[in-house]
2 protein chains.
Amino acid sequence: MTLIKQETDKVRVFALGGVGEIGKNMYVVEVDEDIIVIDAGLMFPDDEMLGIDIVIPDISYLEANLERVRGIILTHGHEDHIGALPYIMKKLNVPVYGTKLTLGIVKGKLVEKGLDKSVDLRLIDGKSQLKIGTTTVNFFRTNHSIPDSVGVCIETAHGAIVHTGDFKFDQNPVDGVYSDIGKMATIGEKGVLCLLSDSTNAERPGVSMSESVVGQGIKEAFYGAKGRIIVATFASNVHRVQQVINAAQKTKRKVTVSGRSMLRIVSIAMELGYLHVNDGTLIDIADVDKYSDDEITILTTGSQGEPMSALSRMAKGAHRQITIKSSDTIIISATPIPGNEKSVTKIVDLLFRTGADVIFGQKQVHTSGHGYQEELKLMLNLMKPKYFVPIHGEFRMQHVHSKIARTCGVKQDRIFLIDKGEVIEFIDGDGKLNGKVPSGNVLIDGIGVGDVGNIVLRDRRLLSKDGILVVVVTLNKANNVIISGPDIISRGFVYVRESEKLLEEASALVTETLTKCMVENVNEWSSLKSNIRDVLSRHLFEKTRRRPMILPIIMEV
Amino acid sequence: MTLIKQETDKVRVFALGGVGEIGKNMYVVEVDEDIIVIDAGLMFPDDEMLGIDIVIPDISYLEANLERVRGIILTHGHEDHIGALPYIMKKLNVPVYGTKLTLGIVKGKLVEKGLDKSVDLRLIDGKSQLKIGTTTVNFFRTNHSIPDSVGVCIETAHGAIVHTGDFKFDQNPVDGVYSDIGKMATIGEKGVLCLLSDSTNAERPGVSMSESVVGQGIKEAFYGAKGRIIVATFASNVHRVQQVINAAQKTKRKVTVSGRSMLRIVSIAMELGYLHVNDGTLIDIADVDKYSDDEITILTTGSQGEPMSALSRMAKGAHRQITIKSSDTIIISATPIPGNEKSVTKIVDLLFRTGADVIFGQKQVHTSGHGYQEELKLMLNLMKPKYFVPIHGEFRMQHVHSKIARTCGVKQDRIFLIDKGEVIEFIDGDGKLNGKVPSGNVLIDGIGVGDVGNIVLRDRRLLSKDGILVVVVTLNKANNVIISGPDIISRGFVYVRESEKLLEEASALVTETLTKCMVENVNEWSSLKSNIRDVLSRHLFEKTRRRPMILPIIMEV
C-alpha cells in the first residue's frame, strides 16, 4: 500500500453561544479560509439581568474576520436559533441560508426592523448541496417541535463536520415528514470527523413521545369538553397547532386565534403550506359570541406565563375580547421552560380560580422536541464520529451527553466538552483544543445594542435592592458656605411619610459633615462626596439595615 | 328519644396565610371567646418583591383582638410555620405551644433577636391535652420531613376542628416514631366538624416514598464513592441528616458540618436527643485534611442554590476550608422548591464543571415530607369530617385536594376553598362563609417591619428596569435665572462614557424647557418639575426606547 498524503486542511470549530446555557445558539465552523456560521439565536435574560429585553452572542470575532465569513446557516425557526439575526445583520452582510418555513419566519422579523430588503436570504431544503465559499455543505431532514428543521454536514478533507440542529426521531410525525435516517447513515458511512449534537434531553432515559400521541391527548380533551376550549401552546409548534385545528374540526368547532405571535405564525404557516385548515374553520375573535360555547376553540399564546401574553390577560380578566367562563376547558399544551415555573403556575392558579377546567402538567398534552437518551445514541451510532462535541445545553446536560457518547464508542480524549469561545482545531484530521476567541453576552435594552454593560447592571441591582437617596447641596465656593440644602430625596428606600425623622437626621448629618470638612479645608469635591456617602451609609444602615445607593450632588454658585 | 338542645357555640375558622400560596402558614380557630392561632410562618419573597428579606402574615386582626388571643400552637419547626414568630411576638404576648424539637429551634431564633426571655414557651407532645382559654386541645403525632411534628384537634360542642399540620404516612419512619393512626381514628370516631388538611402534594398520585428508602439510596452512593462525599440537604431534615451520618459510620467515614443553619440544627437535635452520632464521628472542618479523602463526609446546606450558602461557596471556589476535587462525590439530597429551579441548576452546573461526580435529581436520594393522594385520602377517611378545608398549598393544589375530598364522601357544599382572610363560621355545627378579616403580606426589609409599602416596591421595580436620571438645577427665584446646572447624573440607565452626547442633549433640553417656562411665568415648582419630566422622558424614550425614572431637583438661592 502506498501512502498518499491527503490534501491538508485546517478546520476550526467553536461556539459563540449555546454551550453552558440553553439559548442564543451560534456555532462557527472554519474550513481553511471559509467561516461558516450555524444559527444566530437569542436568549431571554435571567433574573439578574435587570431591565434587559434580550441577550445575543458577542460576534466581535466575526466582525474582526468579516471578509472570511461566507454565510449563516439556520437549522430551524426557533428564537434561540434565529432571534439574533435582526441585531447582527447590520454588521454582517452575508447570505443567510434556511428552509422555507425558517426563512418565512425570519422575513417577518426582518420586515419589523426594516431590514428585509438588505438581507440576502437563500432557500435550502433537506436535499440541497451548496458551495459556501469553497466548502461543500449538505443537509439532512430532522424532526423537531417546528417543521422544516435540518441538520448540517460540512465537508472537509478529513471527514464531515456534522451539526444536528435540534432533533428528535419521531416515528409518527404529524406531517408525515420523517427524519432522513438514510441520509444520516450515508453521511456516517462516508466519515464524520466531528459531530456536534443537541444535549437538551441528555438527562432523560428512553425515547421521547411522538408528537402524534399528543394529538390523541388533545382530541380526548376535546371530546370531554362541554363549553369553549382554550388551548395555549408555543406559536412556532406548527404541528401542535395543526393537531389542535384537527381536533376542533373533528368536533365541529370553529377556531379563533389570539396573541400576536400566534397570529403571525399561523398566517405564515398557512401561506407556505405547513398548516392545513378547512375553509370556514377560522373565525375572527370578534365573532366568538355568535357561536354557542361548544362550537368554539381559542388558540392562544402564553403557555410560559409571559405577563403580557393573551392567556395571561385572560387569566387576569384583562383580555379585551375573551372573558373566561367556569364552563371553559383550558389546555396548557406545553411545559414550563426552566426558570418560568413560577410565572406559569401563577397564571395556572389564576385560571383555576375562574372555576374553569384546567388541564396542565399532564403527559398526554405535551411532548418535547428534543430527543431523549436512546435517540441521542441513535444519532451517534448513525454518524459514528471520530470526535464528539455535545452542544445545545447547560454544562450538566453536555456532561451527561459526553457519557452517552462514551457508551457509543467515542474515545474519552476525543470528546470536547467546550465552553463558549473555546476553539477545537483539527489539523490533518487530528483535533485538539487550541486557544479561545472572544465570546460573551451582549445585552439588549431598548434600541441600544451592547451598551448595557456591567456598571449599568450593577447599578440596577443596587437600586432594586434598597433604592436610592439623593443628597443635593449648593455651596458658595468662594467662601465655603452652604447656601441651599442639603435636600434629601429618596426613591425605593423607605416610605417617606413614615420616615420623616430618619431623613431629617440624615440631612443634619450631611450639614455637620460638610461643615467639618470645610473647617478642615477638605474642599475637593470628590472627598466631600465620599465623606457624605460614608457617613450617611453608616448611619442609615444602623437605623434601617438597608443600604440604599447614595448619590451626593454638590452644586456650586 | 328526648331531644336535648346541645350547648350552642360559635366557631370561626380562617387563614391569615398558607392558602393560595406555599409559605407563611397561619391559621386561626375561634371557639366562642377564645382565639387560638396555629403556626406563624414566613415566606421567602418572590422576584417581584425587590430587596425584601422575608414576608410574614398581616396580623392586624389578632392585634385588634389581642385580649382574646389565648395562644399560638406550632405544628413543627419549619420556617414556613415558625419563621414569623420573632417578628410578631413583640406585638402578641401570648403562650407559644410546641413539641421539644420545635421549641428548641424556636428558642434559637428568639435568642438571636433577644426575645428568648420574654416569650412564654410551653412544651407539648402528641399525648398532651390542654385547656387553652376554656377550649380543650388535643394533639396527634404525624410524620414529616422534620421530627416531632403534630396535628391539632380543637374541641367544640359540635365536633372537633382538626388541623393536620404537614404530614405524610411513613410506614418505615427513620426514628421508629409512627403517625398515631389510632388516635386519628379515635378523633374521627368522636366526630370531626371540620378538617383542615395539607394540600402540598394533592396533585401527585399514589403514595410518597418512605424516608428510609432514601437512606438506602444514600448508602449506595456512599458505597460507590472513592473520594470525599459532600451531601447537601435541608438542615431541618434531621432524619435525612441521621441517615447520612449512619451511612458515614457504616463506611468508616468522619463527618464534618458546614453552613450556619446546619451547624445550629445538628447541635440542637443532638442536644435534645433527636440525632444520634457515635463519639468520634464528628470532626472539625479545619481537620478535614488530616484524613484521607475516603474517610471524609461533608454535610452542608445549600441544596436550594442559595447564593451565600456553603455549597454555593464551594461550587464557586469561594469556601474558606473546602475546595472541591474532581474525585469528590456530591449528593444533592433535595429537590428544588418551586421558584428555585434556576438557582439550583446554576450551582449544580458549577459543581459538574469541577469534574466531581454529582448526584442530583435522582429519585433514590430524596423524598417529600408531604403525603400524596392516597395518603390524603387516608387522612380524610380516618377523620370523616363534616366539613373540609384544603390548606397549605397554592389554589391549584387546594382545588385538586377538594376533588379528592369529594371522592372520600365529603359533600360539595361542605368544602370551603378559602382565600386568605375568608371566614368560615359554624353556628350550632352548621358552617358557612361569613365575611372577611384583614389579611395580606407584611414585607420585611432590614429591621423595619411593615414599612416597605407598595410605593417603595413600585419605585424599586422602576429603578431596576431602566435606572434613574437626576436633573439638578439651581435657580435664583428673585429674577428667575438659572445660576447653576442643569446637571444630569444617571445610574443604571446608560453607560455614561458612551452616551455623553445623549446626556448633553438632555441638559440642553432642560435649559430650554426652563427658560420657556420662566418666560411664560410658569414658576410653580411642581409645574416646572413635571414639565422637565415630560420633555426629558419623551426625548429619552425616542432615543433609547428606555424609560428611566426622572428626578428633577430644583434648588433655590
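The values are calculated or read from the model by the stated rules, or taken from the named source; none is laboratory data. Everything quoted here is computed from the prediction, not taken from an experiment. Glycine gets a Cβ as well: all are built from the backbone with ideal geometry, and neighbour counts include every protein chain shown. These area figures cover heavy atoms from the full protein model, side chains too; ligands, DNA and RNA do not enter into them. Shrake-Rupley method; radii C 1.70, N 1.55, O 1.52, S 1.80 Å.
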Checklist entry - Consider B:Gly448 against the criteria (1) within 12 Å of another protein chain (Cβ to nearest Cβ); (2) modelled with pLDDT of 80 or more; (3) open to solvent by less than 40 Å² (accessible area, probe 1.4 Å): it satisfies all of them except one. Which criterion is unmet? => result (2)
Next on the checklist: Checking the condition among the aliphatic types (A, V, I, L, M) and at pLDDT below 95, which residue from A:Ile359, A:Ile391 passes?
Outcome noted: A:Ile359
Checklist entry - Would you pick out the residues in the stretch A:337-365 that are more than 8 Å from chain B (Cβ to nearest Cβ) and touching a Lys or Arg at 6+ places or on another chain (Cβ under 6 Å)? => result none
Checklist entry - Looking only at residues in the stretch A:198-251 that are of a type in the set (Asp, Glu) and within 25 Å of the chain's Cα centre (by Cα), which one is nearest to A:Phe167 (Cα to Cα)? => result A:Asp198
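Outside any helix (DSSP H, G or I), open to solvent by 10 Å² or more (accessible area, probe 1.4 Å) and acidic (Asp, Glu), is that true of B:Asp287?
no
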Checklist entry - Would a scan of the stretch B:366-377 turn up a residue that is in contact with a Cys (Cβ under 8 Å, 6 or more places away or on another chain), assigned to a helix (DSSP H, G or I) and more than 9 Å from chain A (Cβ to nearest Cβ)? => result yes
Checklist outcome for this item: Of the listed residues (A:Glu504, A:Glu520), the one being surrounded by fewer than 21 Cβ atoms within 10 Å (Cβ to Cβ), within 28 Å of B:Gly51 (Cβ to Cβ) and without any contact (Cβ under 8 Å) to a residue 12 or more places away in the chain is A:Glu504
Item to check | Which numbered condition B:Arg204 misses (of (1) basic (Lys, Arg); (2) under 30 Å from B:Leu130 (Cβ atoms); (3) part of a loop (DSSP other than H, G, I, E, B)) | outcome: (2)
Checklist entry - Out of the stretch A:460-470, which residues are open to solvent by less than 10 Å² (accessible area, probe 1.4 Å), more than 15 Å from B:Val472 (Cβ to Cβ) and more than 7 Å from chain B (Cβ to nearest Cβ)? => result none
Next on the checklist: Out of everything in the stretch B:471-492 that is more than 7 Å from chain A (Cβ to nearest Cβ) and outside any strand (DSSP E or B), what residue ends up being nearest to A:Ser490 (Cα to Cα)?
Outcome noted: B:Lys477
Next on the checklist: What's the number of the only condition in (1) open to solvent by less than 30 Å² (accessible area, probe 1.4 Å); (2) part of a loop (DSSP other than H, G, I, E, B); (3) within 25 Å of B:Leu457 (Cα to Cα) that B:Pro45 fails to meet?
Outcome noted: (1)
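Would it be correct to say that A:Ile324 is open to solvent by less than 40 Å² (accessible area, probe 1.4 Å), hydrophobic (A, V, I, L, M, F, W, C) and not in a loop (DSSP other than H, G, I, E, B)?
no
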Checklist entry - Which residue out of B:Val481, B:Val473, B:Val494 is more than 43 Å from the chain's Cα centre (by Cα), touching a residue at least 40 places away in the same chain (Cβ under 8 Å) and assigned by TED's automatic domain parsing to the domain that holds B:Leu540? => result B:Val473
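Looking at the stretch A:497-509, which of its residues are out of contact with any Leu (no Cβ under 7 Å at 6 or more places or on another chain) and either more than 7 Å from chain B (Cβ to nearest Cβ) or part of a loop (DSSP other than H, G, I, E, B) (or both)?
A:Arg497, A:Ser499, A:Glu500, A:Lys501, A:Leu502, A:Leu503, A:Glu504, A:Glu505, A:Ser507, A:Ala508
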Item to check | Those helices (runs of 4 or more DSSP H) lying entirely in the stretch B:50-162 with at least 2 residues among the hydrophobic types (A, V, I, L, M, F, W, C) | outcome: B:60-64, B:85-88, B:100-112
Checklist entry - What pairs can you find where one residue is in the stretch B:530-557 and away from chain A (no Cβ under 13 Å), the other is assigned to a loop (DSSP other than H, G, I, E, B) and at pLDDT below 90, and their Cβ atoms are less than 6 Å apart, with a gap of 6+ or different chains? => result none
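Can you find a residue that is acidic (Asp, Glu), within 25 Å of A:Thr354 (Cα to Cα), in a loop (DSSP other than H, G, I, E, B) and touching a residue at least 40 places away in the same chain (Cβ under 8 Å) anywhere in the stretch A:295-314?
Within the stretch A:295-314 (the criterion being acidic (Asp, Glu), within 25 Å of A:Thr354 (Cα to Cα), in a loop (DSSP other than H, G, I, E, B) and touching a residue at least 40 places away in the same chain (Cβ under 8 Å)), the answer is no, since none of the residues qualifies.
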